[in-house]
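Undergrad: Got a structure here, written out as structure tokens. Questions coming.
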């Protein structure tokens, strides 16, 4: 019996050294039927080194930076596999990663997306992701299971979870054909959570699979305390709630955000004299509230 083709899709944005490490780790993957697609999001560095070192790779050069969702969407449009593995370029994978994820998604009748265990690259005994609780519809907060715990085998049971981690998402092409691709209005952050909500609304489940893992170089692309992150986390948290919380509950969501979350976060930035972050947080919230500087969703192109 032939094994289905798996399309591995990753995005490069001025992170060529990490992308090359990522591709090198995939040379050790044992699954035999794989295509690898790298989407370069208008990097200032020349990505052609990818093809020189890994000539079997498909390289897509975006003329503009389309963010996380847009980059992955361009990759899915090009992909010819039966399954898509959307994975960050700042990761390295275990050799059996594809067999394990494929086996889980084929075993579970309602599985629409599977996420592996995610460990920190610089601390591989420490967990970054072992599942996720649901996002609270009022506060917009959720909790990662196992986050920053030492991995002692306490999360070795595969189970349904509420949300995936955007660093590694394994999705059947059939699911993408049914629900469409990722919402590009987010650009960066929260788009994977929005996608999970759409997958669940279509009747599928999100699964956590600890039988294999990836190692993640956390926040290599934007930095742990960047203004870019402050802006998009503020804006997109609000966008996510607007898109996924219905009235009348959204009244309480808006009240919490305006009366508690916004003043609290601005106060923290002010007390720490982080005025640049103060401005970016407020601008992000304002843009999300009034839908400013937000691109419309493109027409979701159907996969062939």
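Read-outs throughout are calculated quantities, based only on the coordinates presented, and are distinct from any laboratory measurement. Only a predicted model underlies this, so the values are computations on that prediction, with no experimental measurement involved. Positions of Cβ are backbone-derived with ideal geometry, glycine not excepted, and every protein chain shown enters the neighbour counts.
Undergrad: Which order do 201, 3 fall in if you start with the one that has the fewest other Cβ atoms within 10 Å? Working shown, then result.
TA: Numbers: 201 10, 3 13.
The order, fewest Cβ neighbours first, is 201, 3.
Undergrad: Right, something else. Taking R0 as 25 Å, what FRET efficiency do you get between residue 157 and residue 123 from their Cβ-Cβ distance, rounded to the nearest 0.05? List each step's numbers first, then the result.
TA: Details: r = 23 Å, r/R0 = 0.90.
E(calc), rounded to 0.05, equals 0.65.
Undergrad: Can you give the calculated 222 nm mean residue ellipticity of the chain, where each DSSP H run of n ≥ 4 adds -39,500 (n - 2.57) and the sum is split over every residue, rounded to the nearest 500 deg cm²/dmol?
TA: -11000 deg cm²/dmol
Undergrad: With contacts defined as alpha carbon pairs under 8 Å and 6 or more residues apart, what's the relative contact order of the chain in percent?
TA: Reported as a whole number, the value is 19 percent.
Undergrad: So, one more: Consider just the alpha-carbon atoms of the range 1-131 and return their Rg together with their Dmax, both in angstrom.
TA: Looking at the range 1-131, its Cα Rg and Dmax stand at 14.8, 44 Å.
Undergrad: Based on the mean of other beta carbon atoms within 10 Å per residue, what is the order of 70-76, 267-273, most packed first? All intermediate terms of the calculation are to be shown ahead of the outcome.
TA: Numbers: 70-76: 24.4, 267-273: 11.6.
Going by the mean number of other Cβ atoms within 10 Å, highest first, we get 70-76, 267-273.
Undergrad: Considering the values (i) 33, 60, 8, 0; (ii) 31, 55, 15, 0; (iii) 30, 48, 20, 2, which represents P(r) over Cα pairs in 20 Å bins from 0, in percent as calculated for the structure under consideration?
TA: Recomputing P(r) over Cα pairs in 20 Å bins from 0, in percent here picks out (i).
Undergrad: Sticking with this structure for a sec: Rounded to the nearest 10 degrees, what's the angle between the helix 227-244 long axis and the longest principal axis of the chain, both from Cα atoms, 0 to 90?
TA: That helix lies at roughly 90 degrees to the long axis.
Undergrad: Which whole-number percent is the relative contact order of the range 89-140 (Cα, under 8 Å, 6+ apart)? Before the final figure, lay out each step's value.
TA: Values: 28 pairs, mean separation 11.5, N = 52.
Worked out over the range 89-140, it gives 22 percent.
Undergrad: Return the FRET efficiency for the residue pair residue 271, residue 2: r is the Cβ-Cβ distance, R0 is 45 Å, and the value is rounded to the nearest 0.05.
TA: Working: r = 61 Å, r/R0 = 1.36.
Working from the Cβ atoms, E equals 0.15.
Undergrad: If I fit a long axis through the Cα atoms of helix 262-271 and take the longest principal axis of the Cα atoms of the chain, what angle between them do I get, 0 to 90°, rounded to 10?
TA: For 262-271 against the chain, the angle is about 90 degrees.
Undergrad: Run the simple label-point estimate for residue 225 and residue 45 please: 7 Å along Cα→C-beta, distance reported in nm.
TA: Placing both labels 7 Å beyond Cα along the Cβ direction yields 2.4 nm.
Undergrad: Select from 291, 233, 169 the residue whose mean-square fluctuation is largest in a Gaussian network model of the chain (Cα-Cα springs shorter than 10 Å).
TA: Comparing 291, 233, 169 in the GNM, the peak value goes to 291.
Undergrad: List the residues of the range 92-132 whose backbone N lies under 19 Å from a point placed 7 Å from the Cα of residue 243 along the Cα-to-Cβ direction.
TA: 112-114
Undergrad: Under 8 Å for C-alpha pairs, at least 6 residues apart: give me the relative contact order for the range 1-56, rounded to a whole percent. Kindly include the intermediate steps, with their values, before the conclusion.
TA: Working: 49 pairs, mean separation 27.8, N = 56.
Once divided by the residue count of the range 1-56, the mean separation gives 50 percent.
Undergrad: Also: Taking every pair of Cα atoms in the range 165-219, average 1/r, invert it to obtain the Kirkwood radius, and report Rg/Rh to two decimals.
TA: Using only Cα positions, Rg/Rh for the range 165-219 is 0.97.
Undergrad: Here's something else I'd like to know. Quick one: go through the range 249-263 and flag any residue whose amide nitrogen is under 13 Å from the point 7 Å out along the Cα-to-Cβ line of residue 139.
TA: 256-257, 260-261
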